[in-house]
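Presented below is the structure to which this report refers.
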Amino acid sequence: MPNIPAELKYTRSHEWARLEADGTVTVGITDHAQEMLGDLVFIELPEIGSHVIAGKEVAVVESVKAASDIYAPLGGTISTVNQAVAKAPEQVNQGAYSAWLFKIQPENTADLNELLDAAAYMQEIGS
Amino acid sequence: MVDFCGWEMPLHYGSQLVEHHAVRHQCGMFDISHMCVVDVIGSDAQLFLSSLLANDINKSHPGKALYSCMLNDTGGVLDDLIVYCLTYGRYRLIVNAATTASDLAWMMERASNWKLDVTITPRHDLAIISVQGPSARAKVWQVLPESRAATTILDRFCAATVGDYFIARTGYTGEDGFEIALPAMQVDSLWQMLLQAGVQPCGLGARDTLRLEAGMNLYGKDMDASISPLDAGLSWTVDLSSNRDFVGKIALLAKPQQYQFLGLVLSGGGVLRARQKVFAADGEGIITSGTFSPTMGQAIALARLPLHCASGDTVEVEIRDKRHNARVVKPPFVRSGRILV
């Protein structure tokens, strides 16, 4: 059964999001997503400072099997990216919730409320 | 698990990368029972295969395997297969799962049209396990000690029958090993014995990355009924020099090679995939199979390229609307655990 932490927010496209104390939102892919993709071998991260729109692609993760777009859970500006996962994509397979991809400085923090909670995401993936 | 031509097969048993490295460094096994064994037997069997196959069966002798394409009349590849000569007049073919039904229909129609004394029998009663890797033969001898004497002396690309087992020193990984055809009723127990001996089970995912590193074509991706073997890097398997006639020969002679079929290594990060466009100095090409090579830590591909492309060239590959440099190389990329490009 996939791991779906109760404190995070989720998208139907399998990203997770967490509001940090400094007001930024950390984004990664869910345990279910890494499980479906298999061994990750490449991650293309967005550029710091780039503007992102909710629901639009901002990054790409590739496993041996397939490439998958990563969508912005909410609109804003990329404030930080996790270069460590770009160098070692397998970190996402080892811990999808610790190996975050990027942080967004959101335009409107309340947009987080539009995302799925853990129960709704669990229902979404049918587990 | 995925559906593969009606067979429910695992993409991996946990981690495709672990399985890949097990085959390169120790030993892994694949259940390849989806591939069909076809026995071709009769006084005209040699003549039949000599007329049917693009490679020359007359070069073969008992115990020897031959890789060949089976072509249609327009020179397209209907299938690629391995044919083992059991004795003169008795041959064993191993054909792809996706093409089994059409291959059988094609072969039976040819045999009937040519009025030859040959019986074509699909052996659905047989299963096949492929054990591959530097320690593969030792593992097989450990669990099947009775096979040791007959298979120790086997050269590469040769086969022997040991009781119910047909053991060939062949594979699809670029490593040493055996492919073992045996009665389907016994396959579960052989699999369990190999598992207990520490052999890593491997799925379709690792099978694909291993064969691609080894520079081996995959039917349906690197060639099909619309592609000439000469444009799929398979000229070495096509005998156009002798005066032997075979299906598709006239078409191949009328339409010489139009593409170079070579390997690509991506210079930066990213993964090469089938159908990505390739831009060379004198035209465009296309990737037919691409993946991330676990052994090299880089993306690799097989590609149909313009005729003037050569090993050492730099070309550009379009990935998500951006062009990336790739180096043209001559496959294989990896053999026997060593990177060759």
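The values are calculated or read from the model by the stated rules, or taken from the named source; none is laboratory data. Computed from a predicted model, the values in this text were never measured in an experiment. Every residue, glycine as well, gets a Cβ built from its backbone with ideal geometry; the counts of neighbours run over all protein chains shown.
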Looking only at the stretch B:129-142, decide whether some residue is surrounded by fewer than 21 Cβ atoms within 10 Å (Cβ to Cβ), in contact with a Lys or Arg (Cβ under 6 Å, 6 or more places away or on another chain) and under 25 Å from residue B:173 (Cα atoms). yes
Residue hits (the stretch A:49-77; more than 14 Å from every other protein chain (Cβ to nearest Cβ) and over 13 Å from the mean Cα position of the chain (by Cα)) are A:49, A:50, A:51, A:52, A:53, A:75, A:76, A:77
Which one of B:235, B:226 is out of contact with any Gly (no Cβ under 9 Å at 6 or more places or on another chain) and of a type in the set (Gly, Ala, Ser)? B:235
Mind checking which residues of the stretch B:319-341 are within 28 Å of the chain's Cα centre (by Cα), at pLDDT 95 or above and assigned to a strand (DSSP E or B)? B:326, B:327, B:328, B:329, B:334, B:335, B:338, B:339
Look at residue B:230 and say whether it is surrounded by 16 or more Cβ atoms within 10 Å (Cβ to Cβ), assigned by TED's automatic domain parsing to the domain that holds residue B:46 and in contact with a helix residue (DSSP H, G or I) (Cβ under 9 Å, 6 or more places away or on another chain). no
Of the conditions (1) in contact with a strand residue (DSSP E or B) (Cβ under 7 Å, 6 or more places away or on another chain); (2) under 24 Å from residue B:100 (Cα atoms); (3) not assigned by TED's automatic domain parsing to the domain that holds residue B:35, residue B:263 fails just one. Which one is it? (2)
Among the strands (runs of 3 or more DSSP E) contained in the stretch B:1-81, which hold 3 or more residues that are buried (at least 20 other Cβ atoms within 10 Å of the Cβ)? B:28-31, B:36-41, B:65-71
Those residues of the stretch B:244-279 which are crowded, with 20+ Cβ neighbours inside 10 Å and part of a strand (DSSP E or B) amount to B:259, B:260, B:261, B:262, B:263, B:264, B:266, B:278
Just name the residue that is nearest to the other protein chains (Cβ to nearest Cβ) out of those in the stretch A:78-100 that are assigned to a loop (DSSP other than H, G, I, E, B) and either in contact (Cβ under 8 Å) with a residue 12 or more places away in the chain or surrounded by 21 or more Cβ atoms within 10 Å (Cβ to Cβ) (or both). A:89
When the residues of the stretch A:5-25 are narrowed to those that are under 26 Å from residue A:65 (Cα atoms) and in contact with a Phe, Trp or Tyr (Cβ under 6 Å, 6 or more places away or on another chain), which ends up surrounded by the most Cβ atoms within 10 Å (Cβ to Cβ)? A:16
For residues in the stretch B:258-284 being of a type outside the set (Lys, Arg) and within 17 Å of residue B:224 (Cβ to Cβ), which is nearest to the other protein chains (Cβ to nearest Cβ)? B:274
